[in-house]
Amino acid sequence: MTDLRSLHRLGVACGLAAGAWLGAAEAPTKLVTVGFSPFLISLGMVAGVFVARWTVPTILKGTGYVIQDLKEKIHLVIWAILAGMLWAVANTLTVFAIRNVGLSVAFPLWNTNSLVGLFWGWLLFNELRGSGAKQWTKVLGGAAAIVVGACVLAYATSHQSAAPGQGGAALGILAALGAGLMWGTMYIPYRKAYISGMNPLSFVTVFTFGELGTTLTLAAVFGGGFHNLAADLERARPALFWLFLGGFCWVLGDLFQQYAAKYIGIGRGIPLSNTNQLWGLAWGALVFGELSGLPAAAKGMIVAGSLIMICGAVAISFAEAPESEQASWRRAVDRECSRYGLDAERVALTLQGKDPLAREKPKRHWWELLVVGGAVGVFIWLGSGAERQSIAMNTGWMYALIAASVALLAASGWMLWKRTGFS
């Protein structure tokens, strides 16, 4: 029981760190307000995501580990690519949502993904099955709070003026809710991978091919072809560094989110990572001043809606799974092992944070230095041409939020390394 509680605490810490970095990563999407195409912004961020998804696993585990892990669970490769495709569509929708209703409002709306993930976790992976009335009350009460908070925020958007010619707040709301649906469904491949014993670092390495390919296709199709896309990228050169950096930060948040989903399930881990709505509210309101032009009543509704939603997420996340529910989880694991011929003992050890593959110490390779060096080189190249964009910001609040995010990264990363060795 003590071991399970330590994993629950680890999952909670990872969820909180995920919220901070997923929130910070969306700040560069404010560039849509100065005329950049949503598809271009999404592509710029995904470029950063692509580089990060190769670099971080290489640094922490090495390519030998990742390759061996993928070989052992080769059936999950297609699921990882599918998850990346769903992510790419959702990420593009968030840019439209931010353009039409702002960062402070769009964040809580697309975080209804926790409801979608909660449903899939119960239906497909036996989450909450076998739990008592106390756990069900926390989860269902939290889910109701999230719905109420989303409704309050949706109503508050009627006080915002629509962007000229952009479809107004209604389309922004639909885009944010659509992103929530896509992201909520994306967690099916996540959980399927982790109850099969795959390391999140291996999963995201393949995941990135689905997201990059889909985003590139969307940008080319809706941007008038690859020729026009290349011209747009050249014009956006001074801003690409910020988009690239946002994508890199997003990967840090997503990795913590995936570890949370692995150790406490998607029904609990995803709502906890959705504390990014508070970070999104903080970035939007404190750094970009998004709420300054709204009536007092609208501001109050946005703050109240966010608080209601986050209380619901906390209630869900702290509903620790009892032994009876853990037994239901194990039945889902046994089903995957039987279906794909996996070693049940190795999978069980992996889910306890005791990765057998890590103990075998797969060989590291010389080309890993090239991967890391290439990532640093891309950052330097993009940074050399970066220019400050014409977006009003409060730099004091910006530095404060960055410092808090780094502190959470350090604390949660240390816990993850000490308990599981990033397994």
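The values are calculated or read from the model by the stated rules, or taken from the named source; none is laboratory data. No experiment lies behind these values; they were computed from the predicted model shown. Reconstructed Cβ throughout: ideal geometry from the backbone, glycine too, with neighbour counts over all protein chains shown. We work out accessible area using only protein heavy atoms, side chains counted, and drop any ligands, DNA or RNA first. Shrake-Rupley method; radii C 1.70, N 1.55, O 1.52, S 1.80 Å.
Let's test the formula: R0 of 41 Å, r as the Cβ-Cβ distance of Thr395 and Phe318. What FRET efficiency results, to the nearest 0.05? FRET efficiency, Thr395 to Phe318: 0.70. Given R₀ = 51 Å, FRET efficiency for Val221-Ala296 by Cβ-Cβ distance, to 0.05? So, using R0 = 51 Å, E works out to roughly 0.75. Computing FRET efficiency as 1/(1 + (r/R0)^6) for Trp381 and Leu4, where r is the C-beta to C-beta distance and R0 is 56 Å, gives about 0.75. Between the alpha-carbon centres of segment 348-423 and segment 263-307 there is a gap of 24 Å. For segment 96-248, the relative contact order comes to 34 percent (Cα pairs under 8 Å, sequence separation of at least 6). Relative contact order for the chain: 35 percent, from Cα pairs under 8 Å spaced at least 6 residues apart, divided by residue count.
Per residue, the accessible area of the chain comes to 39 Å², computed with a 1.4 Å probe over protein heavy atoms only. With contributions of -39500 (n - 2.57) from each DSSP H run of at least four residues, the per-residue ellipticity at 222 nm computed over the chain stands at -26000 deg cm²/dmol. Listed by chain and number, the aspartates and glutamates whose alpha-carbon sits under 20 Å from that of Lys138, ignoring those within fewer than 8 places in the same chain, are Glu127, Glu320, Glu323, Glu325.
Summing charges over neighbours of Arg331, with a neighbour being any other residue whose Cβ is under 15 Å away from its Cβ, gives +1 when K and R count +1 and D and E count -1. If every alpha-carbon in segment 71-120 counts as one equal scatterer, what log10 I(q)/I(0) does Debye give at q = 0.15, 0.18, 0.23, 0.28 1/Å? Ignoring solvent entirely, the Cα scatterers give -0.55, -0.70, -0.90, -1.03.
Is the chain best put as rounded, prolate or oblate by its Cα gyration tensor, with a ≥ b ≥ c the root eigenvalues, rounded for a/c under 1.5, and otherwise prolate when a/b is larger than b/c, oblate when not? Since a/c reaches 1.5 but b/c is at least a/b, the shape of the chain is classed as oblate.
Shown for the chain: the carbon plus sulfur share of the solvent-accessible area, taken with all protein chains present and a 1.4 angstrom probe, equals 70%.
Ignoring lysines fewer than eight residues from Lys61 along the same chain, the ones with Cα atoms less than 28 angstrom from its Cα are Lys71, Lys73, Lys192, Lys262, Lys354, Lys361, Lys363, Lys418.
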